[in-house]
1. Just to check your reading of the model, which residue among T372, T354 is within 18 Å of V258 (Cβ to Cβ) and at pLDDT 95 or above?
2. So which of G336, G387, G395 is open to solvent by less than 60 Å² (accessible area, probe 1.4 Å) and assigned to a loop (DSSP other than H, G, I, E, B)?
3. Check N94, N169, N109 and return the single one that is within 24 Å of the chain's Cα centre (by Cα) and either modelled with pLDDT under 95 or open to solvent by 40 Å² or more (accessible area, probe 1.4 Å) (or both).
4. Having 3 or more residues that are in contact with a Phe, Trp or Tyr (Cβ under 8 Å, 6 or more places away or on another chain) is the bar; report the strands (runs of 3 or more DSSP E) wholly within the stretch 34-87 that clear it.
5. Does the stretch 261-272 hold any residues that are part of a loop (DSSP other than H, G, I, E, B) and surrounded by fewer than 20 Cβ atoms within 10 Å (Cβ to Cβ), and which are they?
6. Pull up the stretch 339-363, narrow it to residues that are of a type outside the set (A, V, I, L, M, F, W, C) and surrounded by 21 or more Cβ atoms within 10 Å (Cβ to Cβ), then point me to the one that is nearest to D418 (Cα to Cα).
7. Quick one: would you say S42 is at pLDDT 95 or above and closer than 20 Å to L157 by Cβ?
8. Sort out which residues of the stretch 45-65 are modelled with pLDDT under 95, of a type in the set (A, V, I, L, M, F, W, C) and closer than 22 Å to L183 by Cβ, and write them in order of number.
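The values are calculated or read from the model by the stated rules, or taken from the named source; none is laboratory data. Just so it is clear, the structure is predicted and the values come from calculations on it, not from any experiment. Glycine also receives a Cβ, built like all others from the backbone with ideal geometry; neighbour counts cover every protein chain displayed. For accessibility, only protein heavy atoms count, side chains too; no ligands or nucleic acids. Shrake-Rupley method; radii C 1.70, N 1.55, O 1.52, S 1.80 Å.
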Amino acid sequence: MKQFSFSPTWAIMLLLSFTMMGQSNKKLTDPNSWEVQNRDVSFDMGVIHLNDRPGDGVLWLKDSDFHNGTIELDIKGKDKTQGSFVGLAFNGKNDSIFDAVYFRPFNFNDPEKQDHMMQYIALPHLDWKKLREEHPGKYENTISPAPQPNDWFHVTLNINYPEVKVYVNHSMTPSLVVEQINLSGHGKIGLWVGESSEGWFKNISIKENKMNSLTHILMDVGHNPVFWNDPKSMSMENEKIGRVYMMSEELMKTANKVHAQVDYVYGELSDDLLANTDILFIHIPKKQYTENEVRAVHRFIDGGGGLFLIMDSDYWSSLNDTNVNDIIAPYGIQYGDAIPDKLPGGHTVKSEVTDKPLKISYHEARKVMGGTPFCFGDELGTQYPFGTYTKTKKGGKIVVMGDAMTALYMTSWQGVDDYQCQDFMQDVFNWLK
């Protein structure tokens, strides 16, 4: 039984307008280009004003999906103690899931709070309080020279995922340098104000670098996966959230190493969702895929996409729970019953996927038949492979595994503490992309 404890040569420049995929330019001074959450907004001679109201507020740029580049704007708050929080939201998924860099103008002239002039947050869970307690001084900083609290100040955000650099008043030295605490590294842009704050914004400029593209990994969390989830969509009271954050941090390391971004799909898989995807990641689903979903995945693979599919022993999910064999059957691969190998520990062999043998986690796996085997248990060796791969005639690539622990970044299990899970995951995604 398994138990767990645990900068390019050319760039696309857009000034005072933002080009959306398949849509016309949006003027940033046009009220129709924005949608507001929990504020009243006014537009006057190029100045955007958000009023004060209990709670946070954000003005989203409609249909924006910003990844890498530079965002510049002028911001003004006011010298009101604990009553002026103004900044910029990015990586927005909805009104509660986004990152932000914001400023506390009331601290600009306070020598005792100079280290708290500006702040990075990753909502909903990683707010200023949690980040300050767990990582003091890492996600907030001073500004030198500091602006006057009631004056306009200029802000430049240079974003090159995962790094964010923040410059104030055209300084050559960044006032804050952080790495984003999320996997996707893209999303909506918004003008943000904090609790009971009002703010003024003008001279917004967005220059997006679309040449430095990333591999797009789509993780399926819509079919009741046993372990993986989007931690930002989970309740803080969920007993699994700590483990999911741990795994997500490891997956972020993998994504950064292979120059990729990760997004989540919560509903049914479709051609539209898979259209901008390079790799589909499915990990121990416990729900059936519809015929339309299976056909969409087949079209995705036949169009050159990569599939990373993982099941495990019947303890977690059985082949009666989910019809993943329908997805891989046309490519000559099938899941079978349990492998009789009970000894913890597995390994890879040198292959197209892994260029050298790796020590990987294994325990109570499911047989994987077909393809080119490259993962084996240590007890019975090559007799029962639990990992295989194949290339399709139309250019798609598939990796199928019958044990889930390596993709959970389980580096220690029953006395073995040197599994090379991170190396393995990097090899798999590098091969699939």
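1. On inspection, the qualifying residue turns out to be T354.
2. G395
3. None of the other options fit; the residue is N94.
4. Hits in the stretch 34-87: 34-37, 47-50, 57-61, 69-76.
5. Matches in the stretch 261-272: Y266, G267, E268, S270.
6. Checking each candidate, the answer is S361.
7. Considered against the rule, which asks whether it is at pLDDT 95 or above and closer than 20 Å to L157 by Cβ, S42 comes out as no.
8. Correct list: empty.
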